[in-house]
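Asks: Below you will find the structure I want to go over with you.
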Amino acid sequence: MKKIASVFIFVSSLIVSFTAFAAETKPAFTLPPLPYDKKALEPYISERTLFFHYEKHHRGYVDNLNKLAQEKGLIGLTLDQVIEKSASDPELKTVFNNAAQDWNHTFYWNSMMAKGGGEPKGAIADLITKTFGGYAEFKKQFIETGTKLFGSGWVWLVLDKDGKLKIVPTPDADLPMIHGEKALLTCDVWEHAYYLDYQNLRKDYVTLFLDHLVNWDFANENLKR
Ligand code: MN
């Protein structure tokens, strides 16, 4: 009987210490799963690019964010709250960069799909026609914006403060939400997004993003939200 009791105490203490360990080490932010297989966007974006981009770059931002959130006492906030809070505080610039890059990459993965691309359908198609006069003009401006953006950044399709559809570039980790704009779609134009597949040919990458990958359903969902 004494032996059974001591085994019970031993097992209970294991459970208690494991629970404490799990609570202590559970990260505040987690890398969201990719919405498709890493081969799904081939031949336009290779499995190799998606591996490095998701497993190294995106995961790196999430890991950094978790470390920084601990250090800066930001545990308990949502990702959006961390972004809003750090955006206006120069002392939290590194937090902002990693938090925003986490948000941007999740949004980017969802902005693409296998067998996507081509002309949009639904409400976003009507809005594009109304704003740009037609899909061809929208495509020309989106590619131009992505190609001309100097250095690293993002090209977005957004609704601005007045609800007007716009193509906007943002540098580095910058993103629409801190400018009062609603993001509908994004294309990552950091070199790591395309360099393994297209080297310096950013224009080719932005073009195939529109022709073969863009997820218009996602843009329509964002429009409704
Ligand atoms: Mn990226």
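Asks: Exposure proxy check: Ile45, Ile75, Ile167 ranked by fewest other beta carbons within 10 Å?
Replies: Ile75, Ile167, Ile45
Asks: In the structure shown, do any of Lys182/Lys224; Lys139/Lys203; Lys121/Lys148; Lys140/Lys166 have a Cα-Cα gap over 20 Å, and if so which?
Replies: Lys121/Lys148
Asks: I'd like the antiparallel share, as a percent to the nearest 5, of DSSP beta bridges with both residues in the chain.
Replies: 100
Asks: Each residue of the range 95-105 in order: what ³J(HN,Hα) in whole Hz does its phi give by Karplus 6.51 cos²θ - 1.76 cosθ + 1.60, θ = phi - 60°, with x for Gly and Pro?
Replies: Going residue by residue, I get 4, 4, 4, 6, 5, 5, 5, 4, 4, 4, 5 Hz, with x marking Gly and Pro.
Asks: Same structure again: Can you pull a Stokes-Einstein diffusion coefficient for the chain at 20 °C (1.002 mPa s), Rh from Kirkwood over Cα pairs, as a whole number of µm²/s?
Replies: Estimated diffusion coefficient is 111 µm²/s.
Asks: Defining a contact as two alpha carbons under 8 Å apart and six or more residues distant in sequence, what relative contact order in percent does the chain show?
Replies: Normalised by residue count, the contact order of the chain is 22 percent.
Asks: Could you tell me the calculated FRET efficiency between Ala40 and Glu221, based on Cβ-Cβ distance and R0 = 22 angstrom, to the nearest 0.05?
Replies: 0.70
Asks: May I ask you to list the chymotrypsin sites (Phe, Trp or Tyr not before Pro) in the range 107-204 that are in a DSSP loop and have at most 13 other Cβ atoms within 10 Å of their Cβ?
Replies: Loop-located and lightly packed - Phe150.
Throughout, read-outs are computed from the coordinates displayed, never taken from laboratory work. The model shown is predicted, which means the values in this text are computed figures rather than measured ones. Glycine gets a Cβ as well: all are built from the backbone with ideal geometry, and neighbour counts include every protein chain shown.
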